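Each remark here refers to the structure printed beneath this line.
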């Protein structure tokens, strides 16, 4: 494995890979769930149900990790640690941008509207304080 260059990292983070969102439970054990994400302006963004376990965990301890890995060779991964913040105000544009990465350009808004029909949505932003970027090769 070799460290990714900044250009390789940017290209990798632009792909719609699934990230694993890791928080700490009340007993200190890790809680990991797969999520969609977007990396923009030096931050990672994730939308989630406002009442999810990850939101409750972050309210108690805002430290988190995102682990993003490719599923194709050459295998690559980015692991970023940081402190989460909840984005206030209208989060629709960012949530649609995230969903569009995975649902296609015409699928983002319908997906978010469907999700909002089931539960309130929160947007999490994390600025990495430490990250590791590697690629096989």
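What follows draws every value from the coordinates through simple rules; no lab data is involved. The structure displayed is predicted, hence computed values, not measured ones. Virtual Cβ from ideal backbone geometry, glycine too; neighbours counted across all protein chains shown.
Scanning the range 1-35 for residues that are farther than 22 Å from residue 129 by Cβ, under 10 Å from the mean Cα position of the chain (by Cα) and surrounded by 13 or more Cβ atoms within 10 Å (Cβ to Cβ) returns a single hit, 18.
Looking at this structure, is residue 69 buried (at least 18 other Cβ atoms within 10 Å of the Cβ), over 22 Å from residue 25 (Cβ atoms) and in contact (Cβ under 8 Å) with a residue 40 or more places away in the chain? In short, no. Note on the range 16-39: residues that are over 14 Å from residue 99 (Cβ atoms) and free of Cβ contacts under 8 Å to residues at least 40 places away in the same chain amount to 12.
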